[in-house]
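Report on one structure; see the data block that follows.
The values are calculated or read from the model by the stated rules, or taken from the named source; none is laboratory data. This is a predicted model, so every value here is computed, not measured. No Cβ is skipped: glycine too gets one built from the backbone with ideal geometry, and neighbour counts run over all protein chains shown.
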Amino acid sequence: MITTLYIFIFFIIAAALVAVETPHALSAVIALGAVGFGLSIVCLFIGAPDIAITLVVVEILVLIHMIRATLQRDIITIMGPFSRLNVIATMLIFGIGVAFFYQVALQLPPFGQAVMTLIENSPSRFYLEESLNQTGAASAITAVLLDFRAYDTLGEATVIFTAIIGALALLRRTVKRERKGKGAGDA
């Protein structure tokens, strides 16, 4: 399983490099979509299906809008000579970032072990320790979203659903006006 996880992480990094380096906007959008879908598969492997589902939904919506925006616009790619100073500055900043993240990674606990150095009476400690016993959910995130705070999650879903219905009602009204305007002009 760890080998498969590393393969997907390598795929995500490769797709991100393609998205950054390709001169064509549509290719960059598609590569960025591959990054998002690869990340959702990684979330499935590490045991977070709720995050994976959210990533897939958001990725599909963003990808559709970005492809439509790319195809509707005449995007011109600007290519020019590279200055050595710009390349050196970019590599220096990248090197500092890698060194920073390496130092942070050294301080993290081993993969798969929860950090239990939380405050004694904090809700997060309770959720981490009791989520499996009280809810039966393997993921603490799923236990919090669907069991401990289910009404809050239902409220958030209701707000999103109401916003979507409102947007559809407004768009439908606009489409009806446009159809009436075209029908009156044709007669």
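When Leu132, Leu146 are screened for being within 18 Å of Ile53 (Cα to Cα), at pLDDT 65 or above, surrounded by 11 or more Cβ atoms within 10 Å (Cβ to Cβ) and not charged (D, E, K, R), only Leu146 passes. The sole residue among Ile9, Ile46 that is at pLDDT 80 or above, under 24 Å from Thr142 (Cβ atoms) and of a type in the set (A, V, I, L, M, F, W, C) is Ile9.
Determine which member of the set Val104, Val35, Val87 is modelled with pLDDT under 80 and within 27 Å of Ile141 (Cβ to Cβ). Spell out how you get there, then give the answer.
Details: Val35 fails: modelled with pLDDT under 80; Val87 fails: within 27 Å of Ile141 (Cβ to Cβ).
The unique qualifying residue is Val104.
Among the residues of segment 28-71, those that are hydroxyl-bearing (Ser, Thr, Tyr) and in contact with a helix residue (DSSP H, G or I) (Cβ under 7 Å, 6 or more places away or on another chain) comprise Ser40, Thr70. Scan segment 24-36 and give yes if some residue there is buried (at least 18 other Cβ atoms within 10 Å of the Cβ), free of Cβ contacts under 8 Å to residues at least 40 places away in the same chain, under 21 Å from Val58 (Cα atoms) and touching a Phe, Trp or Tyr at 6+ places or on another chain (Cβ under 8 Å), otherwise no. Within segment 24-36, one or more residues are buried (at least 18 other Cβ atoms within 10 Å of the Cβ), free of Cβ contacts under 8 Å to residues at least 40 places away in the same chain, under 21 Å from Val58 (Cα atoms) and touching a Phe, Trp or Tyr at 6+ places or on another chain (Cβ under 8 Å).
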